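A.B. asks: Please see the structure below; I have some questions.
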2 protein chains.
Amino acid sequence: MADRVVTAFAPATVSNVACGFDVLGFALEAPGDEVSARFREGPDPQVHIDDIVGDGGRLPREAARNTAGVAVQALLTALGERRGVAITIRKGLPLSSGLGGSAASAAAAVKAVDALLDARAPVETLVACALEGERIGAGSAHADNIAPAICGGFVLVRRASPADIISLPVPAGLTAVVVHPDIEIETARARALLGDTVRLADAIRQWANLGALVHGLHRGDFALIARALEDTIAEPRRASLIPGLMAIKRAAVEAGALGCSLSGSGPSLFALCGDAKAAAAVGGAMTKAVRAEIGGEPQTYISSIAPQGARVVSACAS
Amino acid sequence: MADRVVTAFAPATVSNVACGFDVLGFALEAPGDEVSARFREGPDPQVHIDDIVGDGGRLPREAARNTAGVAVQALLTALGERRGVAITIRKGLPLSSGLGGSAASAAAAVKAVDALLDARAPVETLVACALEGERIGAGSAHADNIAPAICGGFVLVRRASPADIISLPVPAGLTAVVVHPDIEIETARARALLGDTVRLADAIRQWANLGALVHGLHRGDFALIARALEDTIAEPRRASLIPGLMAIKRAAVEAGALGCSLSGSGPSLFALCGDAKAAAAVGGAMTKAVRAEIGGEPQTYISSIAPQGARVVSACAS
């Protein structure tokens with residue numbers, strides 16, 4: 001039992017989704033992060049990080065300062081668990097990409113440890129604990145990456161804490177394109193650009209679009225989804241962080257995307273498409289546009305909206 | 001033909017609906033306004049108001065300053081119609097009640113004149129022309145009363161102009177209670193209380209709730225609808241206009257309402273209930289609370305969400 005190792009995977013997620021700043025997100029099939037967890041005897045602290053792979057040595061190894069470490073500690077505390085746990089994090093997601101990397105690590109970590117403990121904690125508990133991790137990683141606790149990283153699908157976070165998470169329907173064919181340009185944006189810096197207030201007129205337009213997007217997902221109305229994929233709040237304030245953003249968006253829509261905007265706080269961009277064929281064309285057009293506008297070699301992912309979020313991928317004796 | 005008189009009815013409407021400031025509205029079965037229209041020969045202006053009944057002489061008789069008159073003129077212009085038209089307005093709605101009175105007059109007027117001309121103008125044209133009337137009556141052109149007054153049902157106005165109006169599904173049983181206290185609030189004054197900016201955190205909560213409400217209507221999830229019926233934008237700023245607002249809201253919810261907030265800019269209050277029985281109890285509780293907190297004799301209406309909006313109720317030779 002003490003030698004058991006449980007490994008969980010949690011996917012990349014696209015948050016904000018144009019009109020849903022801080023409240024909408026969806027999961028990709030891949031890439032994602034993996035976290036392995038084992039029991040550990042020995043001195044404090046209760047959570048220990050054995051290793052982090054794939055981060056180029058940039059993430060904190062101290063559990064109390066690491067997204068996944070904090071999330072695991074929160075889970076142990078929530079469950080009244082006294083045993084010690086050690087984790088190994090394998091980053092499949094690029095750092096500071098806007099693809100929910102800290103959420104994926106936190107989600108995989110709580111899922112792995114929940115399975116290691118055979119605790120079967122309710123999803124609200126997993127979200128709340130992963131959110132504690134996000135708070136360290138991203139500087140604020142909104143659950144629009146955490147919720148889809150844990151639950152999968154296309155989710156609306158009505159309230160982060162206590163979690164009130166709504167799984168939205170995903171129309172057949174809906175396909176995401178994500179392009180990660182070879183630049184980095186710190187989430188905290190992107191957030192600082194927003195300020196604390198917004199124009200009422202901009203906010204009204206945002207909630208009209210969000211309501212329309214939810215309706216469009218229910219009805220499978222791609223034309224309405226396309227009209228609703230407009231961001232009047234974050235994108236205009238963050239556009240300066242992405243050279244050529246407008247040209248890249250135009251390339252996506254001209255190639256057949258329903259809409260295109262920043263993934264989270266960027267620099268990754270996402271587009272939604274009505275089918276896989278359109279997504280292939282949009283992926284090509286966006287990649288080309290990113291090369292031309294930003295330079296470097298972008299990474300491009302094409303994925304359906306993944307119905308499954310964080311999940312155990314292996315459980316074995318080490 | 002010259003003596004034909006067409007009369008149309010348009011219902012009272014509840015706009016904003018807690019979390020949908022400027023974008024959500026629904027129609028009641030009653031009360032409403034009626035407008036009769038006939039052709040008229042003679043000198044300019046092209047639109048003439050024969051009479052207004054039920055307004056206590058308070059509404060402008062000059063067509064160019066009257067909501068319904070302006071709406072009719074806009075329709076004649078849009079249709080390239082040269083003939084003159086005269087209208088009679090019968091106000092079933094109290095003035096400045098927050099129940100979409102100017103929208104009901106404008107909607108009934110364009111519907112009556114459209115039928116008089118046998119023009120069958122598309123709904124977008126009727127909305128656009130009625131909106132011209134609203135602009136005179138309410139000082140701004142948002143379509144959250146006009147759209148349900150014309151289309152009926154529970155609508156989301158994604159964009160007022162050009163009109164992008166979404167008919168939301170209405171779960172079986174959903175019933176509205178509306179209580180009109182014996183006080184008046186000028187829409188312009190209520191709007192001035194809002195200011196031009198809002199806190200980003202408040203706006204995020206509003207659009208999370210709006211998305212949740214749309215989802216709840218699709219799923220018939222009354223518990224979610226109840227959680228979503230929260231207004232972080234307008235109600236807090238306008239609460240001072242309604243003595244005892246919090247006590248009235250509490251009375252509604254304690255009697256079984258899913259939620260309760262201002263109808264439009266008030267002073268009317270609406271509640272949504274899961275069935276007619278709850279609505280009866282909530283109507284009683286709200287009426288009692290309004291008497292206690294505000295005094296005077298409120299008018300109380302209980303209605304399903306009316307599937308039909310503005311409609312011709314008679315067409316005959318005079």
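A.B. asks: Note the angle between two axes, namely the Cα long axis of helix A:245-254 and the longest principal axis of the Cα atoms of chain A, as a number of degrees from 0 to 90, rounded to the nearest 10.
C.D. replies: Compared with the principal axis, the helix lies near 70 degrees.
A.B. asks: Which percent of Cα-Cα pairs in region B:1-155 sits in each 10 Å bin, short to long?
C.D. replies: 13, 47, 32, 7, 1
A.B. asks: Here's something else I'd like to know. Would you look at the GNM of chain A, springs on alpha carbons closer than 10 Å, and say which of A:P148, A:P60, A:P45 moves the most?
C.D. replies: Result: A:P45 has the largest fluctuation of those listed.
A.B. asks: Based on the Cβ-Cβ distance from B:R291 to B:D202, what FRET efficiency comes out when R0 is 30 Å, to the nearest 0.05?
C.D. replies: The calculated FRET efficiency here is 0.40.
A.B. asks: How high is the relative contact order of region B:175-304? Use alpha-carbon pairs under 8 Å, at least six apart in sequence, and give a whole percent.
C.D. replies: 40
A.B. asks: Only counting other Cβ atoms within 10 Å, I'd like A:E62, A:E134 sorted with the fewest neighbours first.
C.D. replies: A:E62, A:E134
A.B. asks: Would you tally the net charge around A:R82, using a Cβ to Cβ cut-off of less than 15 Å, leaving A:R82 out, and scoring K and R as +1, D and E as -1?
C.D. replies: Numbers: positive: A:R40, A:R83; negative: A:E41, A:D44, A:E81.
Charge balance near A:R82 sits at -1.
A.B. asks: How tilted is helix B:276-293 with respect to the longest principal axis of chain B? Cα atoms for both, answer in degrees (0 to 90, nearest 10).
C.D. replies: Result, in degrees: 90.
A.B. asks: Next question. From the label point of A:E41, set 7 Å along Cα to the beta carbon, how far off in nm is each other copy's matching point, shortest first?
C.D. replies: Copy-to-copy label distances at A:E41, shortest first: 10.9 nm.
A.B. asks: Pull out a ≥ b ≥ c, the square roots of the eigenvalues of the alpha-carbon gyration tensor of region B:175-304, then state rounded if a/c is under 1.5, prolate if not and a/b is larger than b/c, and oblate in the remaining case. If you can, show how the numbers build up before the last one.
C.D. replies: On the way: a/c = 2.11, a/b = 1.05, b/c = 2.02.
It comes out oblate by the Cα gyration axes.
A.B. asks: Sort B:L93, A:L76 by Cβ crowding within 10 Å, fewest neighbours at the top.
C.D. replies: Details: B:L93 25, A:L76 21.
Ranking B:L93, A:L76 by Cβ neighbours within 10 Å, fewest first, gives A:L76, B:L93.
A.B. asks: If I build a Gaussian network model for chain B, linking alpha-carbon pairs within less than 10 angstrom, which residue out of B:D51, B:D114, B:D144 has the largest mean-square fluctuation?
C.D. replies: Of the options given, B:D51 has the highest mean-square fluctuation.
A.B. asks: Lysine pairs, Cα distance under 29 Å, 8 or more residues apart or cross-chain: how many in chain A?
C.D. replies: 6
A.B. asks: Whole-Hz ³J(HN,Hα) for each residue in region B:179-185, computed from phi via Karplus 6.51 cos²θ - 1.76 cosθ + 1.60 with θ = phi - 60°, x for glycine and proline: what do you get?
C.D. replies: After applying 6.51 cos²θ - 1.76 cosθ + 1.60, I find 10, 9, x, 7, 9, 10, 10 Hz.
A.B. asks: Okay, helix-only estimate at 222 nm for the protein assembly as shown: each DSSP H run of n ≥ 4 adds -39500 (n - 2.57), divide by all residues, round to 500 deg cm²/dmol; what do you get? Intermediate results must be reported in sequence, preceding the final value.
C.D. replies: Details: 20 runs with 234 residues, N = 636.
Theoretical 222 nm ellipticity from helices: -11500 deg cm²/dmol.
A.B. asks: Quick one: which residues, 5 or more positions from B:V17 or on another chain, have an amide H under 5 Å from its amide H? H modelled 1.01 Å from N in the peptide plane, none for Pro or chain starts.
C.D. replies: B:G264
A.B. asks: Another question, then. Fewest first, what order do B:L168, A:L131, B:L194 take by the number of other Cβ atoms within 10 Å?
C.D. replies: By the 10 Å Cβ count, ascending: B:L194, B:L168, A:L131.
A.B. asks: Another question, if that's okay. For helix B:67-79, what angle does its Cα long axis make with the longest principal axis of chain B, in degrees from 0 to 90 and rounded to 10?
C.D. replies: Approximately 60 degrees, to the nearest ten.
A.B. asks: What is the mean number of Cβ atoms from other protein chains located within 10 Å of the Cβ atom of each residue in peptide A:214-224, rounded to a whole number?
C.D. replies: For peptide A:214-224, the averaged partner shielding equals 4.
A.B. asks: Follow-up. With the calculation restricted to Cα positions, what are the radius of gyration and Dmax of the protein assembly as shown in angstrom?
C.D. replies: 27.8, 99
A.B. asks: Charges at C-beta only: +1 for Lys and Arg, -1 for Asp and Glu. How large is the resulting dipole of region A:19-169 about its Cα centre, in Debye rounded to 20?
C.D. replies: Working: 14 positive and 18 negative charges, 21 e Å.
For this selection, approximately 100 debye.
A.B. asks: With a ≥ b ≥ c the root eigenvalues of the C-alpha gyration tensor of chain A, is it rounded (a/c under 1.5), prolate (a/b larger than b/c) or oblate? Can you show the working numbers first?
C.D. replies: Details: a/c = 1.83, a/b = 1.71, b/c = 1.07.
Since a/c reaches 1.5 and a/b is larger than b/c, the shape of chain A is classed as prolate.
A.B. asks: At A:P307, with labels set 7 Å past Cα in the Cβ direction, how many nm apart are the copies from this one, shortest first?
C.D. replies: Listed shortest first, these distances are 3.3 nm.
A.B. asks: Work out the length of the dipole vector of region B:189-243 about its Cα centre, built from +1 on the beta-carbon of each Lys and Arg and -1 on the beta-carbon of each Asp and Glu, and round it to the nearest 20 debye.
C.D. replies: Details: 8 positive and 6 negative charges, 26 e Å.
About 120 debye.
Quick note: the coordinates plus some simple rules give every number you see, no bench work behind them. Here the structure is a predicted model, which means the values were calculated and not measured. Don't worry about glycine lacking a Cβ; one is built from the backbone with ideal geometry, like all the others, and counts go over all protein chains shown.
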